[in-house]
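None of the figures in this text is laboratory data; all of them are computed from the coordinates on show. For clarity, every value in this text was computed on a predicted model and none was experimentally measured. Every residue, glycine among them, receives a Cβ derived from its backbone with ideal geometry; neighbour counts consider all protein chains shown.
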Ligand code: PHB
């Protein structure tokens, strides 16, 4: 009998044919003029349509939400048209794809921002972090604090991005609330020092998240929406004095919004999968939808996690970069291609659409 990892999962009215998910992966291969997805991106995603679900790379909801060169956006007409070629290619190959909606907040650089402005953040605290701009790696710029009155405009940008995702043919969306980007900056007490309705108390720190979820679930059925958190990651210079309590409250907001799934980076972003004993199980108790696990899983760990009920879905990043037919390889327990980190970020088809399938190797 097939392990449960290879069995379908019902996500609301959407049937995922297996529990193996392609994680959101920044690849910096949108067209440089306008951050528009194009045919090469469509080929890449369609090659990976065997996934139970594909989650797109982080896709900025506005130019203000951009933090790196050549990441795709979903706020202009050209971007929506470009994404439509991607979703059509995935659907024609039998797949399903969600758009990951992204606002980087303070993890940006003036050269990427509209009119060279400062990036925005909950509080004016500069991250000890770097980004990648036209001239190479650069320290992130000093951010300015979002005014209380501006926050509704950012929430509206999320709503518009969700509408655009729908117009572009995405099957659903994932809200990026992980890895030290804008929503994570609001959630955590190291980056949110606000005295207004969006800061200090747990209820107020999770309010921005709740407003974003309310906005996007007015566009997509709530079961077609997921959210990604990284409670125990310090990626992008972020921390919290009590992650279990903070993310317990954030996950309760996701539960209250009726989301289809929560997606946790278990431990440090990019590994290792280390967190306080029972912390993930404790956090999960706050959510009644599907649980998607991520971080340095391999085939056997994923089979065991789903079999034991520790996860409903398991997302794979680097392994999906290197193995377009990862599901088939897992099914056969076949050898895997090795990912090449040199070609993860930026470039062309090399290290992007040229990893061979089993059929091509044979
Ligand atoms: C990255 O570009 O390195 C990156 C982007 C989004 C993430 C994590 C890393 O969530």
- Query: Hey, what number do you get for the chain at 222 nm if only DSSP H runs of n ≥ 4 count, each worth -39500 (n - 2.57), divided across all residues, to the nearest 500?
  - Reply: -8500 deg cm²/dmol
- Would you mind giving the average projected area, over all directions, of the Cα convex hull of the chain in nm² with one decimal? 16.4
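Most exposed first by the Cβ proxy, i.e. fewest other Cβ within 10 Å, how do 129, 108 rank?
129, 108
Indicate, rounded to the nearest 5 percent, the antiparallel portion of the DSSP beta bridges found entirely in the range 13-126. Write out the running numbers ahead of the final one.
Numbers: 1 of 9 bridges.
Restricted to the range 13-126, the bridges split so that about 10 percent are antiparallel.
In whole Å and largest first, what semi-axes does the C-alpha gyration tensor of the range 221-333 yield when each eigenvalue is scaled by 5 and square-rooted? It would help to have the intermediate numbers written out before the result.
Values: eigenvalues 113, 60, 34 Å².
Computed over the range 221-333, the values are 24, 17, 13 Å.
Which percentage, to the nearest 5, of the DSSP beta bridges contained in the chain is antiparallel? Each step should come with its number before you reach the end.
On the way: 8 of 41 bridges.
Around 20 percent antiparallel, to the nearest 5.
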- Evaluate the relative contact order of the chain (contact order divided by residue number), counting alpha-carbon pairs under 8 angstrom at least 6 apart; express in whole percent. 17
- Message: Taking the Cα centroid of the range 10-51 and of the range 292-362, what is the distance between the two, rounded to the nearest whole Å?
- Response: 14
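At 0.36 nm per residue, and after removing the present C-alpha to C-alpha distance, how many nm does the segment from residue 77 to residue 195 gain when stretched out fully? Working shown, then result.
Details: separation 118, 0.36 × 118 = 42.48 nm, distance 3.74 nm.
Length difference between fully extended and current span is 38.7 nm.
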- Query: Cα centroids of the range 259-273 and the range 111-164: how far apart, whole angstrom?
  - Reply: 23
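Output the relative contact order of the range 4-112, whole-number percent, from Cα pairs under 8 angstrom with separation of 6+ residues. Don't skip to the answer; put the middle values down first.
Numbers: 225 pairs, mean separation 32.9, N = 109.
Relative contact order of the range 4-112: 30 percent.
Run the numbers on the range 287-362 and let me know its relative contact order in percent, using alpha-carbon pairs under 8 Å that are six or more apart. Display every interim value, and only then the final one.
Values: 68 pairs, mean separation 19.0, N = 76.
Reported relative contact order: 25 percent.
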